[in-house]
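Quick notes on the structure that follows.
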Amino acid sequence: MTDPNAPGARWVRAALQVNPYMYEGKNAPSATFDTESEYNTAMLDACVAQGIELIAITDHWKVDSALRLIADAAGRGIVALPGFEANSDEGIHILVIFDAGTDAATINAAIGACGVSPGCANGTTGAPFATILEKMTAQGALVIPAHVNIANSGLLTGRGG
């Protein structure tokens with residue numbers, strides 16, 4: 001790792017799709033870890049071991065589930081970007097990531113701007129992809145189509161035009 005105080009640009013190792021303990025679905029952390037504290041410690045230990053300095057924490061249509069992991073990451077010197085996972089009207093899986101320090105109320109309002117209620121069920125579809133991209137970019141978020149080559153939910157699969 002390079003000296004973070006050295007002048008000029010430097011590489012930063014990042015993990016841009018870290019799920020919080022309360023994440024539900026395939027590979028739910030609660031299936032492996034008994035408590036959120038245990039999961040957060042193991043996740044952050046793995047980040048430190050891999051030299052990961054920046055993580056983006058996303059959950060399906062919610063941000064509140066990430067707040068403890070964000071705080072724990074900061075305590076370990078890891079920058080945590082809050083965000084959420086979205087499903088567009090077309091079924092495209094999207095990561096929407098905000099600047100570090102963006103408050104949960106702002107992100108919950110962004111979820112609402114995508115056409116759903118914060119905390120709605122995994123798999124709920126929101127606005128069309130182009131609308132989510134436009135609205136979230138206007139709010140300063142980074143919009144990343146997740147696993148673009150996966151059948152049914154990837155941007156590059158099952159799409160035309």
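The values are calculated or read from the model by the stated rules, or taken from the named source; none is laboratory data. These figures come from a predicted structure and were not determined experimentally. Here Cβ is always computed from backbone atoms with ideal geometry, including for glycine, and neighbour counts include all displayed protein chains. For the accessible areas, the whole protein counts, side chains as well, though only heavy atoms, and no ligand, DNA or RNA atoms are used. Shrake-Rupley method; radii C 1.70, N 1.55, O 1.52, S 1.80 Å.
Do you know which residues across the stretch 93-139 are open to solvent by less than 50 Å² (accessible area, probe 1.4 Å), in contact with a Ser or Thr (Cβ under 9 Å, 6 or more places away or on another chain) and assigned to a loop (DSSP other than H, G, I, E, B)?
Of everything in the stretch 93-139, those that are open to solvent by less than 50 Å² (accessible area, probe 1.4 Å), in contact with a Ser or Thr (Cβ under 9 Å, 6 or more places away or on another chain) and assigned to a loop (DSSP other than H, G, I, E, B) turn out to be 98, 114, 116, 119, 124, 126, 127.
Out of curiosity, is residue 84 at pLDDT 90 or above and in contact with a His (Cβ under 9 Å, 6 or more places away or on another chain)? Walk me through how you get there before you give the answer.
Details: at pLDDT 90 or above: yes; in contact with a His (Cβ under 9 Å, 6 or more places away or on another chain): yes.
Against the criterion (at pLDDT 90 or above and in contact with a His (Cβ under 9 Å, 6 or more places away or on another chain)), residue 84 qualifies.
Select, from 90, 38, the only residue that is among the acidic types (Asp, Glu), closer than 22 Å to residue 133 by Cα, out of contact with any Leu (no Cβ under 8 Å at 6 or more places or on another chain) and open to solvent by 50 Å² or more (accessible area, probe 1.4 Å).
Working: 38 fails: closer than 22 Å to residue 133 by Cα.
The conditions single out 90.
Please go through the stretch 22-70 and pick out each residue that is in a loop (DSSP other than H, G, I, E, B), of a type outside the set (Asp, Glu) and on the phi < 0 side of the Ramachandran plot. Give the steps one after another, and end with the answer.
Let us first name the residues in the stretch 22-70 that are in a loop (DSSP other than H, G, I, E, B), namely 22-28, 32-35, 51, 58, 61, 63.
If we keep only those that are of a type outside the set (Asp, Glu) as well, we get 22-23, 25-28, 32-33, 35, 51, 58, 61, 63.
Matches in the stretch 22-70: 22, 23, 26, 28, 32, 33, 35, 58, 63.
Quick one: count up the residues across the stretch 51-86 that are of a type outside the set (Gly, Ala, Ser), buried (at least 18 other Cβ atoms within 10 Å of the Cβ) and within 13 Å of the chain's Cα centre (by Cα).
Residues in the stretch 51-86 being of a type outside the set (Gly, Ala, Ser), buried (at least 18 other Cβ atoms within 10 Å of the Cβ) and within 13 Å of the chain's Cα centre (by Cα): 14 in total.
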